[in-house]
Structure formats: structure tokens, C-alpha cells
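These notes concern the structure reproduced below.
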Amino acid sequence: MRSTADLYDWELQHLHHRIDQDVGFYRGLARALEGPVLELACGTGRVAAALVDAGMDVVGLDIDSAMLRSARARGVDRVVQADMRSFAFSFSGAISRPFSLITVPYNSLQLLLDDESIVACLRCAARHLAGHGLIAFEVTDFGVAGDVEPEVLAEADGVRLIGSLSVQGDVLHYRRRFEEVGGTTEHGAAAGAVRAVHQDTVSLRRNGASMAERWVAAAGLTMVSADWSGLGLRVTARTTITP
Ligand SMILES: C[S@@+](CC[C@H](N)C(=O)[O-])C[C@H]1O[C@@H](n2cnc3c(N)ncnc32)[C@H](O)[C@@H]1O
């Protein structure tokens, strides 16, 4: 049975084709800002590990210890298990100064299901920023108008993903069922049988891009929009960037 963290990486690769389009964006910002980086909701360390590989001083924060174990295995040595809505660094010891860059890649802000939580997260991040620092995050409008029945979304490497969507107000519920297929079952059944199943639901805000400006203003920050090619952006003040 694969772990949830493995299945998360599988889904990134085979469904979202999210190899690393965004990594250069965050790496460019981190280089421009020259200081420690904090990634909120770092998951299995896809982005954080790439920044570590580039020689940067990176801390990965996530609420899930299994995700953090995978991030460590990828080379993110400094990880913190905490809730991104209310974390606290004292800036003594290993992490001795505020962060120049705080990132929330890949729509992870949208996992916070009410405005208050998102604003709390941004405010908490702002308290941990250096004077010249930035918060950089990706948000998306998913454009899903109604429910979508279960369908096979991807199949590769002995895993099949069946997904469905339901919409509840501003929140989208994405139900996932990962089936590990092929080989023989423990009872000796034929190849192609389902050997293990992992099911869960990811709930997230539907309209992150449309809401971002409001969230940023409510947190007392200023927003600058950019896209993945926004690396030439001149950084002069504490502000927030949405790619
Ligand atoms: C989409 S995944 C991580 C994405 C990762 N940053 C990347 O770009 O590949 C979302 C992560 O958010 C974490 N998460 C969800 N709610 C959280 C919270 N309140 N505080 C911290 N992490 C949270 C989950 O445990 C999961 O690892």
C-alpha cells in the first residue's frame, strides 16, 4: 500500500502534470530577496527541496507529519509541524532572523475554507517577514459550476485515480479514490485486480484568484500580481505577489 504522501506525488505528476513550472518563479524571488525562506503547507517538499538544492536557507511548514517526513527525505532538513493559520517562530537558535520570502505554492491557501482563516494565515505570515520581505502564493479560480460524477482521471504505474466533484457554496469538495491495481492480490486473484484503495476528500475554496485581493487587503497587505515570468519584478516594499 502506497502512503498518502506517495499518492500525492503520483497525482501531481500524472493528473496535474505539475512537474515544476512554478519552482523557477519561487527560486527567482528567493534569490532576489537574499534571505531565509519559509514555505507554508510545504507538503512533500516539491518546491522547498528545489530551493534547498539551490543552496537556500529553507524551512518547510505543514500540518501533516507524514508529508513532512517525505519533505525531509527529499532534503528539506528544517521542517516544522504547525497550522499555517497560527504558527510562531521566536527567531532564536537555528532560525535566527525573519524570513525574506514566505511562499504558499499551489493553491494551498485555498485549503483554508473561510475568509477569517485565510486572513489569519496572511497576518501570521506578515508577522514573520523581514522588512523587505514578500509573501508569494498561487491562487486559482477553478471554474467548476456544478457537481461532476465519479470518473477515471488518470491511470499509471499500477495506480488508478477516480475522482468526483461537488460544489457547496464557495467550497469545492474533490473526492479521490486511488486504486492500486495489477499483480495478484493477497488471495492470489488475477492480475488487474484492485489490491488496495485509499479514499479521501480535499475541500478547497473555489475562487481563489477572484478573492485574493480582498484577502490581502483584509490582512493589511498590498498586492502585486505577477505570472510565472514575473522574475524581473522589482521588489521595493513589503508586499504580496500572486503568480
Ligand atoms: C497541495 S499540498 C502541498 C503543496 C506543496 N506546497 C506543493 O507545491 O507541492 C497541501 C498541503 O497543505 C497542508 N495543509 C492543509 N491544511 C494546512 C494547515 N492548516 N496548515 C498547514 N498545512 C496545511 C496539507 O497537509 C498538504 O501537505
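Since every read-out is calculated from the coordinates, none of them should be taken as a lab result. Computed from a predicted model, the values in this text were never measured in an experiment. Please note: Cβ atoms are built from the backbone with ideal geometry, for glycine as well, and neighbour counts cover all protein chains shown.
Points worth noting:
- Residue-normalised convex hull volume from the C-alpha trace of the chain: 125 Å³ per residue.
- Beta bridges by DSSP in the chain, antiparallel share as percent, to the nearest 5: 55
- Mean Cα-pair separation over length for the chain, i.e. relative contact order, pairs under 8 Å, 6 or more apart, %: 17
- For the chain, the longest site-free run once chymotrypsin sites (Phe, Trp or Tyr not before Pro) in DSSP loop states with at most 14 other Cβ atoms within 10 Å are removed: 92-227
- Inter-label distance for residue 34 and residue 213, nm, one decimal - labels placed 7 Å from Cα along Cα-to-Cβ: 3.4
- Taking the C-alpha atoms only, the angle from helix 115-127 to the longest principal axis of the chain is near 50 degrees.
- Within the chain, helix-based [θ] at 222 nm, where runs of 4 or more DSSP H residues each add -39,500 (n - 2.57), nearest 500: -7500 deg cm²/dmol
- Using alpha-carbon coordinates, inclination of helix 4-14 to the longest axis of the chain, degrees: 90
- Along principal axes, Cα extents of region 1-140, largest first, whole Å: 43, 36, 27
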